[in-house]
Every structure is written in C-alpha cells, then in structure tokens.
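Colleague: So that we are looking at the same thing, I have put the structure below in structure tokens.
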Amino acid sequence: MGLAASPTTAQTASKTGDAAATEPVATVETVEGIDFVPIPEGCFEMGALDVGVVGQVCLDAFLMSTHEVTNAQYRQFEPGHRSGSLGGQSLDGDEQPVVNVSWQEAVAFADWLGERAGRTVRLPTEAEWEYAARAGTRTARSWGDTDDRAHRFANLKDRAEDYRLPDMYEVTAPVGSFEPNAAGLYDTIGNVSEWVLDGYVGSADRYGDDLDNPLVPPGGPLRVRRGGSFADPLRIVRVSNRDFYAAEFGVPQTGFRLVMEK
C-alpha cells in the first residue's frame, strides 16, 4: 500500500530556538512518496498576546508530513491539476508545493492517501500544527526571535522593510529548500500558508474548557490557514499567527501538509 519506514535526521534546538547540532531523531514512515515524522505527545502554551493566548493545550502523539504536499504528489491523485503561475513565475514545478487547491480538495487528497496507507490521514488540527511548528520553542519563530537568520529557514517576501537578507525565491520554492525545525519539518514558516482542519473562530477561547486534542468543528464557510507564505513579510509571520479563507476556494499562496494518526 505504499507504506515504508526509514531512519532520518533533524536539527535539535534549545528552548530559546537556537539551532544545535544535527543528530538522528526518529523513524520516518513513507506513503506514496510522502514522508511522515513522529511528533510526540505533549502539552504547550498555544497562542500569543497579540493573537490571543488559548492556554495549555495537550495533544496525543501523531505523525506529520515533513514537507508541504508537492505538485507531483498531488497529481498522483488528480493528474490534471495545475498550480499555474503568478507574475510570470511558475508555481507548477514537480517539487514546488501544490497550490490553488481548496480546503475540500486537500481533504479529498488526505482521504485518498489514507486509503492507500490503510491509516487515517487528514489535515492537522490548528493545535497540532502550532505544536509541531513550535517544536519545543516559545520564540516568535522556531529558529528564534532574530530576523537575520530568516533566509536560512523560510521563503518569505524579500522586499519587506524588516527583511534585509533575501531568500532568492520570488514565488514558491521547491519543498525542503530551507533548513528544518527541530521536529524535522520544513517550511512551517513561509513558502505557502497551510490549510488546517479547524473551522475559523476568532476568539482565543474558541475551544472553551476542552484543551485536550482540541478542534473547532469545520462548519460554516471559513477554514484556518497557518504559517504564512512567500508573499508575506517576516514582520507578520510568526508561529502564533493565524488567518482564514473560504473553504471552497484555492489561491496561489496556500497549500497543505498532512497528519497520519498513530
């Protein structure tokens, strides 16, 4: 069913987000060419003062795809899909993240992949996404609070006033072009913003008192996106930031990554 396992490495990091030496960390499971790395169970402080502090959220263990789903991977499911172009620059390379896919299309791909794997595959919840993107840090971004290292970790808007070192990509970069976070995940900040499973609610108390594996049921027209994209300046892209878009539409700045349940 296309399921395989192999060892991998990922950077470790301190609680301040400073990158440490690369060392072996886990076993990757691969489904139809998509690698999933284990994310351990744990609790973390979700949110930030400017977007609302949710509180201490606790999650069961899960596996998350190391990269955003690529055009080549998505075309195994939908051979005719084209991500198109933006400003004369192609978004359609095999190793670029798939974009111009709606939330519904991302969910359909996850269901298809789950059937191939014989496992539950889905979009991450918003809480799972933030927990994995933080990778044990409490800084603004997984690499820390400084701006001068952003070009090593993220594909963002190069001409922003607070971003002096360009990343060299005008639109989406091939996945894995930048360094991973401590969990072994690439492009959690930048490249494309990522659909998550939750419906959008703006308030910090959107989960009520239930902070164990929380989810805002995906009813209504809006879905949450996380991580920011190549079109966003560094000053507004942080692990805690969130936005939303209509579930039935795809845009050039949005793709997705996946969770596989244990």
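The values are calculated or read from the model by the stated rules, or taken from the named source; none is laboratory data. All of these numbers come straight from a predicted model, not from anything done at the bench. Please note: Cβ atoms are built from the backbone with ideal geometry, for glycine as well, and neighbour counts cover all protein chains shown.
Let's see how each residue does on (1) more than 23 Å from Asp60 (Cα to Cα); (2) among the hydrophobic types (A, V, I, L, M, F, W, C); (3) surrounded by fewer than 23 Cβ atoms within 10 Å (Cβ to Cβ):
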{"position": "Gly88", "(1), (2), (3)": "yes, no, yes"}
{"position": "Trp103", "(1), (2), (3)": "yes, yes, no"}
{"position": "Glu115", "(1), (2), (3)": "no, no, yes"}
{"position": "Leu123", "(1), (2), (3)": "no, yes, no"}
{"position": "Thr139", "(1), (2), (3)": "no, no, yes"}
{"position": "Val175", "(1), (2), (3)": "yes, yes, no"}
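Colleague: Mind listing whichever residues of the stretch 211-262 are farther than 23 Å from Val107 by Cβ and free of Cβ contacts under 8 Å to residues at least 24 places away in the same chain?
Modeller: Matches in the stretch 211-262: Ile236 only.
Colleague: While we're looking at this one, here's another question. Output the residues belonging to the stretch 83-133 that are part of a strand (DSSP E or B) and of a type in the set (A, V, I, L, M). Break it down stepwise before answering.
Modeller: In the first step, residues of the stretch 83-133 are kept if they are part of a strand (DSSP E or B); the result is 85-86, 89-90, 97, 121-122.
Listed by number, the residues that qualify are Leu86, Val121.
Colleague: Return the residues of the stretch 231-262 that are surrounded by 20 or more Cβ atoms within 10 Å (Cβ to Cβ), hydrophobic (A, V, I, L, M, F, W, C) and modelled with pLDDT under 95; say none if nothing qualifies.
Modeller: Leu234, Val237
Colleague: Please enumerate the residues belonging to the stretch 36-81 that are in a loop (DSSP other than H, G, I, E, B) and either surrounded by fewer than 14 Cβ atoms within 10 Å (Cβ to Cβ) or at pLDDT below 95 (or both). Working first, answer last.
Modeller: So the first thing to find is which residues in the stretch 36-81 are in a loop (DSSP other than H, G, I, E, B), and the list is 40-41, 49-51, 60-61, 66-69, 76-81.
The answer is Pro40, Glu41, Leu49, Asp50, Val51, Asp60, Ala61, Pro79, Gly80.
Colleague: Right, next: Just one of the numbered conditions (1) modelled with pLDDT under 95; (2) under 18 Å from Met64 (Cβ atoms) is not true of His151; which one?
Modeller: So His151 meets the others, but not (2).
Colleague: A further question follows. So, restricting to strands (runs of 3 or more DSSP E) that lie completely within the stretch 164-262, which ones have at least 2 residues that are under 23 Å from Trp143 (Cβ atoms) and in contact with a strand residue (DSSP E or B) (Cβ under 7 Å, 6 or more places away or on another chain)?
Modeller: Details: elements: 193-199, 222-226, 242-246, 259-261.
So the answer is 193-199, 222-226, 242-246.
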